[in-house]
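Notes for the one structure printed next.
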Amino acid sequence: MMLCAIFGHRYRVLRRMNPGARKVGCERCHSCWAMHDRTRAFVPWDSDIEAMYAPGGPLDPAHYKG
């Protein structure tokens, strides 16, 4: 969206997976990213990341204790 290109994204946390990982999104353009503190990663949220954190996935917050 043009407003984000000019003024920057308006980030907010959409979902916390664990204390160091979360899904963030922009209130203006509705884009989403995965954020991981320890690796300092900030990457676009895609179907692969969604599958990793989905129920039963390898990083399912209900089961993963890494």
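List of remarks:
- Of all residues in segment 1-12, those that are modelled with pLDDT of 95 or more and either open to solvent by 100 Å² or more (accessible area, probe 1.4 Å) or under 14 Å from P61 (Cβ atoms) (or both) total 3.
- Only residues that are open to solvent by less than 30 Å² (accessible area, probe 1.4 Å) and assigned to a loop (DSSP other than H, G, I, E, B) were counted in segment 13-43, giving 1.
- Tally, over segment 1-12, of residues that are free of Cβ contacts under 8 Å to residues at least 12 places away in the same chain and assigned to a strand (DSSP E or B): 0
The values are calculated or read from the model by the stated rules, or taken from the named source; none is laboratory data. Bear in mind the structure is a predicted one, so any value in this text is a computation, not a measurement. When we count neighbours, we look across all protein chains shown, and the Cβ atoms used for this are built from the backbone with ideal geometry, even at glycine. All accessible areas refer to the heavy atoms of the entire protein, side chains included, with ligands and DNA or RNA removed. Shrake-Rupley method; radii C 1.70, N 1.55, O 1.52, S 1.80 Å.
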